[in-house]
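Readers should treat all values here as calculations from the given coordinates under stated rules, not as data from a laboratory. Keep in mind it's a predicted model, so treat the numbers as computed, not measured. Neighbour counts run over all protein chains shown; Cβ positions are idealised from the backbone, glycine included.
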Amino acid sequence: MSGAVVWLTGLPSAGKSTIAAALARRLGSESRPVEVLDGDVVRAELCADLGYSRADRNENVRRIGYVAALLARHGVVAVCPVVSPYRAARDDVRERVGEGFVEVYVSTPLEVCAERDVKGLYAKQRAGEITGLTGVDDPYEPPLRPEAVVDTHDRSIEESVEQVWQALS
């Protein structure tokens with residue numbers, strides 16, 4: 001296994017970051033260089049100038065994809081849990097990375113994500129405090145041919161990570 005980009009996409013609170021952290025631990029335990037580029041962290045540190053328009057969301061994905069591709073070229077497995085709602089932006093990252101790109105669709109149902117509501121986004125949207133929530137009042141375009149589809153509501157984190165591991169191997 002050489003450098004790669006594992007791109008975890010899905011709705012907010014689908015389980016992307018949880019899978020990413022567990023995958024990174026597993027990669028680290030096998031002495032693989034790994035870096036997690038969490039969408040929320042990167043947005044705060046590298047993309048704070050961006051909003052949530054379609055253009056800004058695509059730019060966010062482009063920037064994360066650029067950094068991930070650089071890491072992968074140097075033998076690092078870049079694990080990227082990023083909502084990345086638009087298919088074309090993800091496809092652009094796939095094209096940039098090439099054969100080392102592993103797209104993982106974390107396909108947890110909207111109702112389950114809303115129940116988890118890790119960041120309180122669904123509650124804020126219901127209360128009218130925010131608009132443009134991906135999958136609710138803003139679109140989410142599922143991948144057409146991801147390397148793995150993981151639904152976290154009916155499998156354990158270990159099973160989810162194993163599914164991603166198999167796609168990466």
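Brief remarks follow.
- Other residues lying with their Cβ under 14 Å from the Cβ of residue 157 contribute a combined charge of 0, Lys and Arg counting +1, Asp and Glu -1.
- Distance histogram for the chain (every C-alpha pair counted, 10 angstrom bins, percent rounded to whole numbers): 11, 42, 36, 10, 1
- Nearest-0.05 FRET efficiency for residue 59 and residue 144, computed from C-beta distance (R0 35 Å): 0.95
- Kirkwood Rh in Å, taken over all unlike Cα pairs in region 26-112: 13.7
- Computed about its Cα centre, the charge dipole of the chain is approximately 300 debye, with only Lys, Arg, Asp and Glu carrying charge at their Cβ.
- Rg and Dmax [Cα atoms of region 1-52; Å; Rg one decimal, Dmax integer]: 12.6, 38
- Amide hydrogen neighbours beyond the local backbone of residue 8, cut-off 5 Å, H modeled: 80, 82, 104
- Radius of gyration and Dmax over the Cα atoms of region 96-169, both given in Å: 14.8, 44
- On the basis of the beta-carbon distance and an R0 of 30 Å, residue 67 and residue 157 show a calculated FRET efficiency of 0.70.
- Helix-only CD estimate at 222 nm, as mean residue ellipticity for the chain, using -39500 (n - 2.57) per DSSP H run (n ≥ 4): -14000 deg cm²/dmol
- Sites excluded, GluC sites (Glu not before Pro) in DSSP loops with at most 11 other C-beta within 10 Å, longest stretch of the chain: 31-128
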